[in-house]
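> Sharing a structure below in C-alpha cells format, with a few things to ask.
The values are calculated or read from the model by the stated rules, or taken from the named source; none is laboratory data. Given the structure is predicted, the values throughout are model-derived calculations rather than measurements. Glycine also receives a Cβ, built like all others from the backbone with ideal geometry; neighbour counts cover every protein chain displayed.
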Number of protein chains: 2
Amino acid sequence: MKIAIDGMGGDNAPKAVVEGVILALKEYDGIEYYITGKAEEIEEELKKYKYDEKLVKVIDAREVISPNEHPVMALKRKKDSSICKALKLVKDKECDAVISGGSTGAFLAGCTLLVGRIKGVERPALAPIMPGKNGSFMIVDAGANVDSKPSYLVQFAHMGKIYYQEVLGKKNPSVGLVNIGAEEEKGNELTKAAHKLLKEEENLNFVGNVEPRETSSGDVNVLVCDGFVGNTLLKMYEGVAKTLLSMIKEEILSSGIKSKIGAALLGPVFKKLKIKFDYKEYGGAPFLGVEGICIKAHGSSDSKAFKNAIRQTKTFYDNEVLEKIKQELKNNI
Amino acid sequence: MKIAIDGMGGDNAPKAVVEGVILALKEYDGIEYYITGKAEEIEEELKKYKYDEKLVKVIDAREVISPNEHPVMALKRKKDSSICKALKLVKDKECDAVISGGSTGAFLAGCTLLVGRIKGVERPALAPIMPGKNGSFMIVDAGANVDSKPSYLVQFAHMGKIYYQEVLGKKNPSVGLVNIGAEEEKGNELTKAAHKLLKEEENLNFVGNVEPRETSSGDVNVLVCDGFVGNTLLKMYEGVAKTLLSMIKEEILSSGIKSKIGAALLGPVFKKLKIKFDYKEYGGAPFLGVEGICIKAHGSSDSKAFKNAIRQTKTFYDNEVLEKIKQELKNNI
C-alpha cells in the first residue's frame, strides 16, 4: 500500500514524522511512503538513517498550515501546503491513505473537500480510541460536527461499529449514546431524538444511554454523540488525568522523605498507568465517512505515535474497512 | 435564620441529615432547623443526641420522591413528600432557605414551581463549586437547562459572579465560556452567540473561552455553559478522578511488595488529594435564579457534607446574596 504522510504536521515535525516512518519501515512490510513538506528539511532528517530508499518519496511542498489559521481559508490559499499535497495524493488515487498530525480543522476540512464524502454520509466524524479502565472505547464524533442532527448519530454508530469490529477485533461491539441520565427520556432534544432512532436500528448492538462518568470504564465500546460533547469528553479525559497526576507529583515534592521514597517505590505502577493512558499507543483518530483512509495523528505525536498511526492505517487497509463501512451504510441507511 | 431540610433526601437519609444538623448546631449559632420527613424515623435519629430541642422542629411528611421518578409528575402526585414540604416552608416564608440531598430533578423543578423565579430570570441554574488545581471553580449551569439560549448564559454569568464573590470571597471573579477552542469564532451556534453577548457585558470580568481540559486548573472562577455540557464536565471530573485512583489502587494490589510499601508511605499524600477532590468540603450546589436560598446537596452526602451545606446556606443568608443577585440582574439585564 501507499501512504501519504504530512511531513510538517505536528509539534515535532518533520523530525518525529521521519523517525516514525523509519520505525515503521523496520516493522511493517509492503508500505511505500510519500512524505510531503519542505524537501530539504525532510531529506536532512532522512539522511540520518539507513533504509530502503525506494520505499520513501519526498514530495516538496513549500507552505505549512498552522493550527491557528482558519481551516477552509488556509486550505484555499495554501495549495502548496504539506496537508494539501498529502490529501491530493489520495484524491488522485496515487496513495491509499493519508496521515497528518497538523491542524485538525484544516485536515478534516481537506478530507471532506478533496477526498470527498462516501455517498449517503451526511457528516464524516472524527473517531479517536481512548484507553478505558476495562477496555478501549471509541468516541464518534470527537469534534468534527457541532450542532449535529439525530440522523448523524445513527450513521456515526454504524461507522464506529465497523471500525471497532475490524480494527480492534471485537465482533458486534456495544454502542452507547452519551447522555446526561441513563433513562431514555433524559437529555436534550438531540439525545432524546437520537435515542429513539438508535433503538430502532436492527443491526446495532445498542445498549442505551451512557452517562459521562461511566464512559471512562470502557464497558461500552462505541460512544456516539455530537462533536461538541465528544470533544468535551476527550479533552476532559486528557485534562483531568493530567491534572490529577501533576497534583500527585506536586504533593509528593512538597512532602517529606517518606513520601519521596514511597513515590520511588511506586515508580513502576505510575509508569504502567502512564502507558495505559498514553494516546500514542493508539495511533491516530480515523476520520470516518470519507472516501479514503484518513488518519488524524495527535498534534503532539512523537515518532512512536506516528509509527502506531501507520500500523493503524495498515490495519484499516488490510481489513478493507472502507469497503465494509460503505456496505454497512448501504445496508442500513 | 430558619432552614428547611429534606430529612429523607440522599442515600444516607435520614441518619446523615440528622447527624449533619447536630454537627451544625454545635458549630453555628442563630439557626433553627425544620426537618421534613417520616417523623418517627427522624425522631429516632434525633434521640441519639443531646441538643437544644427548641432549635429543631420535625415536620411530618409521609411520602418520599425517589431519583428514578419523573420529577414534575412526582411533585404533583406526592404533595406529602419530604421535598414538597420543605419547599413549601420557603414558599410560605416560614423558612429562609431549603436544603435537599434528594432527587435533583424533583428538587429543581420544585424550586422553580413552588419558590418561583426571580423576576427577569429566564432560567435558574444549578451551580456547583468544584476543587481545581489552583483554586475552586464554579460551573453554571450544571444540568438544570439543556438546549440553552445564548441569553441564559449571560444571566448565568451575572448570578455566578455574585455568588462566587460573596460566598468564596473573591472580588470581581473571572468568568469564562466553556468552549471547544480558545478562539472567539470556535464552537457551536450557542457558544458563538454567547461569546458575542458576554464580550459586550460591561460589568463582567469576562476572560473568553475556556477549553474543557483547562477547566480543572481552576484558573477561571466562574464557567458558564449549557446544562448538558456542564453536567458532562461535572460527571467527567468525578468519573475520571475516580477511575484513575481506582486504577492506581488495582495496580498497587496486583504489584509486588515494593509497590505496597510505596503506597503505604504515600498514604498521607493520597489522603490530602482525596480531601482536595472531596465535594463534601464544598457543601452543596446553589440553585441560582429562584426567589429563595435553595441548596442541592450531593445524593451521596454524609453528615459532614450536610453540615457544610448548612454552613454554605448560612453564608448565603448572612451575606445577603439573594438580594445582591437581584440587584446585579436589575443593573445588567
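> Restricting the search to region B:66-94, which residues are outside any helix (DSSP H, G or I) and either touching a Gly at 6+ places or on another chain (Cβ under 6 Å) or surrounded by fewer than 24 Cβ atoms within 10 Å (Cβ to Cβ) (or both)?
Hits for region B:66-94 are B:66, B:67, B:68, B:69, B:70, B:78, B:79, B:80, B:92, B:93, B:94.
> Turning to a different aspect of this structure: Within region A:200-211, is there a residue that is within 14 Å of chain B (Cβ to nearest Cβ), surrounded by fewer than 24 Cβ atoms within 10 Å (Cβ to Cβ), within 30 Å of residue A:317 (Cα to Cα) and of a type in the set (A, V, I, L, M, F, W, C)?
no
> Scan B:105, B:143 and give me the residue that is outside any loop (DSSP other than H, G, I, E, B), among the small types (Gly, Ala, Ser) and buried (at least 21 other Cβ atoms within 10 Å of the Cβ).
Result of the check over B:105, B:143: B:105.
> Just give me the residues in region B:182-207 being among the small types (Gly, Ala, Ser) and either touching an Asp or Glu at 6+ places or on another chain (Cβ under 7 Å) or assigned to a helix (DSSP H, G or I) (or both), in sequence order.
B:182, B:193, B:194
> How many residues does region A:119-140 contain that are touching a strand residue (DSSP E or B) at 6+ places or on another chain (Cβ under 6 Å), small (Gly, Ala, Ser) and in a loop (DSSP other than H, G, I, E, B)?
To start, the set of residues in region A:119-140 that are touching a strand residue (DSSP E or B) at 6+ places or on another chain (Cβ under 6 Å) comprises A:124-130, A:136-140.
Adding the requirement that they be small (Gly, Ala, Ser) leaves A:125, A:127, A:136.
Remaining after also requiring in a loop (DSSP other than H, G, I, E, B): A:127.
Qualifying residue count for the region: 1.
> Which of the residues that make up region B:216-245 are at the interface with chain A (Cβ under 7 Å from one of its Cβ atoms) and of a type in the set (Val, Ile, Thr)?
B:229, B:232, B:240, B:243
> Within region B:146-162, count every residue that is closer than 16 Å to residue B:316 by Cβ and crowded, with 24+ Cβ neighbours inside 10 Å. So that I can check it myself, show each step before the final result.
So in region B:146-162, the residues closer than 16 Å to residue B:316 by Cβ come out as B:159-162.
Among the residues that remain, those that are also crowded, with 24+ Cβ neighbours inside 10 Å are: B:159-161.
Summing the residues that are closer than 16 Å to residue B:316 by Cβ and crowded, with 24+ Cβ neighbours inside 10 Å in region B:146-162 gives 3.
Table: residues versus (1) among the β-branched types (Val, Ile, Thr); (2) modelled with pLDDT under 95; (3) crowded, with 19+ Cβ neighbours inside 10 Å.
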{"site": "A:248", "(1), (2), (3)": "yes, yes, yes"}
{"site": "A:257", "(1), (2), (3)": "yes, yes, no"}
{"site": "A:261", "(1), (2), (3)": "yes, yes, no"}
{"site": "A:269", "(1), (2), (3)": "yes, yes, yes"}
{"site": "A:283", "(1), (2), (3)": "no, yes, yes"}
{"site": "A:294", "(1), (2), (3)": "no, no, yes"}
{"site": "A:306", "(1), (2), (3)": "no, no, yes"}
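> Here is a follow-up. Could you check how many residues of region B:318-327 are surrounded by fewer than 18 Cβ atoms within 10 Å (Cβ to Cβ) and part of a helix (DSSP H, G or I)?
Number of matching residues: 4.
> Among the residues of region B:173-206, which ones are β-branched (Val, Ile, Thr) and touching a residue at least 40 places away in the same chain (Cβ under 8 Å)?
B:175, B:178, listed by residue number.
> Enumerate the pairs (first residue in region A:137-151 and within 11 Å of chain B (Cβ to nearest Cβ); second residue anywhere and of a type in the set (Lys, Arg)) with beta-carbon separation below 6 Å, excluding pairs fewer than 6 apart on the same chain, so at least 6 apart or on different chains.
Once the first residue is within 11 Å of chain B (Cβ to nearest Cβ) and sits in region A:137-151, its partners that are of a type in the set (Lys, Arg) give A:145/A:123.
> While we're on this one: Tell me, which residue of region B:198-254 that is under 21 Å from residue A:146 (Cα atoms) and hydroxyl-bearing (Ser, Thr, Tyr) is nearest to the chain's Cα centre (by Cα)?
B:232
> So, residue B:104, is that one of a type in the set (Val, Ile, Thr) and within 14 Å of chain A (Cβ to nearest Cβ) or not?
When the stated conditions are applied, residue B:104 passes them.
> Pick from region B:173-199 the residues that are polar (S, T, N, Q) and out of contact with any helix residue (DSSP H, G or I) (no Cβ under 7 Å at 6 or more places or on another chain): which of them is surrounded by the most Cβ atoms within 10 Å (Cβ to Cβ)?
That would be B:191.
> Continuing with this model, one more query. Test each condition in (1) within 14 Å of chain A (Cβ to nearest Cβ); (2) out of contact with any helix residue (DSSP H, G or I) (no Cβ under 7 Å at 6 or more places or on another chain); (3) surrounded by fewer than 16 Cβ atoms within 10 Å (Cβ to Cβ) for residue B:132 and report the one that comes out false.
Answer for residue B:132: the failing condition is (3).
> When you look at residue B:78, is it closer than 25 Å to residue B:25 by Cβ, away from chain A (no Cβ under 14 Å) and not polar (S, T, N, Q), yes or no?
Here the answer is no, as residue B:78 does not meet what is asked.
> In region A:12-32, what residues are buried (at least 18 other Cβ atoms within 10 Å of the Cβ), more than 19 Å from the chain's Cα centre (by Cα) and either without any contact (Cβ under 8 Å) to a residue 40 or more places away in the chain or closer than 16 Å to residue A:48 by Cα (or both)?
Passing the criteria: A:14, A:18, A:19, A:22, A:23, A:25.
> Can you find even one residue in region A:284-306 that is over 19 Å from residue A:139 (Cα atoms) and facing chain B (nearest Cβ under 7 Å)?
no
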